[in-house]
Amino acid sequence: MPAALLDAARSGDAGAFAQLVGPYRGELQAHCYRMLGSLHDAEDVVQESLIRAWRTVGSLDDRGFVRAWLYKIATNRCLTAIERRGRRELPFDLAPRTPATEVRWLEPYPDISPETRYLARESVELAFVAALQHLSALQRAALILREVLGFSAAETADLLDTSTASVNSAVQRARKVIDSTAPTQQTVLRDLGHEATAAIIARWADAWEAGDVDAIVAMLAEDARYSMPPLPELYRGTEQIRAFLVARCSHAGGSCLRRQTANSRSAPTCGPTTLNGSYPAASTSSPSGTDASGRSSRS
């Protein structure tokens, strides 16, 4: 980093400050998303962090460790946000043996941009981010800083204003909660290969476009669950889902479908139309987990 740029930023040059912090904005947003589980909250915290950075840029020393400095500010803003909002309620529709990683209020993360493509896709997968929300704030921050972002234990301790021993202890406790040996969604997709994955998505999309309930249900796991916010109903198992879809399709004018990516996965988003042909914005259905046969465990 040019010393002149740092000096200009510390002297109050807004343009120089923008050049100084701009390259890190994308990864800071991904970091805050992991911490908070909400893209909306992450965007707010990143904005607050950059305002804080602008106000304190004069304290940045000549070594110019901009990335670590920004992560310290952003992480502490996340910890403050977590403390203020308290523990969020668990989903009302969780079945007795529902995996702890399924958290209703999580928001999906947009597909990774070219600027942040070097970030591990697994680190913004919905299942991983959901699991993080079950950790304490310190455990969450320590695990992300150490094992996702690659900061050393000493660096992490400095960012969190704690001791190295405390960081190591927090990471060990976090690992017990999150099974790092479990295959990630990206691992499954790589094992399937692009062509097989595309074929599964195409089959799912074609079934919805055709209104083929039998084909849709055939792709679901036996313990699949289906919900359509804002409607409160939750359907468990293929028989309940089939009955709902048959009843819905019998009086709906068709289905809408578009392909999109979120949390680094491609999937169709769709929902039946109403009698007047409008598309309810909250009506969505997409497979969140598939195996080699293309079966979906959640809709």
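Details
- Criterion: under 20 Å from V188 (Cα atoms), in a helix (DSSP H, G or I) and either hydroxyl-bearing (S, T, Y) or touching a strand residue (DSSP E or B) at 6+ places or on another chain (Cβ under 8 Å) (or both) - qualifying residue of W208, W204: W204
- Residues of the stretch 196-220 that are touching an Asp or Glu at 6+ places or on another chain (Cβ under 9 Å), open to solvent by 20 Å² or more (accessible area, probe 1.4 Å) and in contact (Cβ under 8 Å) with a residue 12 or more places away in the chain: A215 alone.
- The stretch 29-78, subset among the basic types (K, R) and out of contact with any Phe, Trp or Tyr (no Cβ under 7 Å at 6 or more places or on another chain), residue most open to solvent (accessible area, probe 1.4 Å): R55
The values are calculated or read from the model by the stated rules, or taken from the named source; none is laboratory data. Note that the coordinates shown come from a computational prediction; the quantities given were computed from them, not determined experimentally. Cβ sites come from the backbone with ideal geometry, for glycine too, and all protein chains shown count toward neighbours. What goes into the accessible areas is simple: the full protein's heavy atoms, side chains included, and nothing from ligands, DNA or RNA. Shrake-Rupley method; radii C 1.70, N 1.55, O 1.52, S 1.80 Å.
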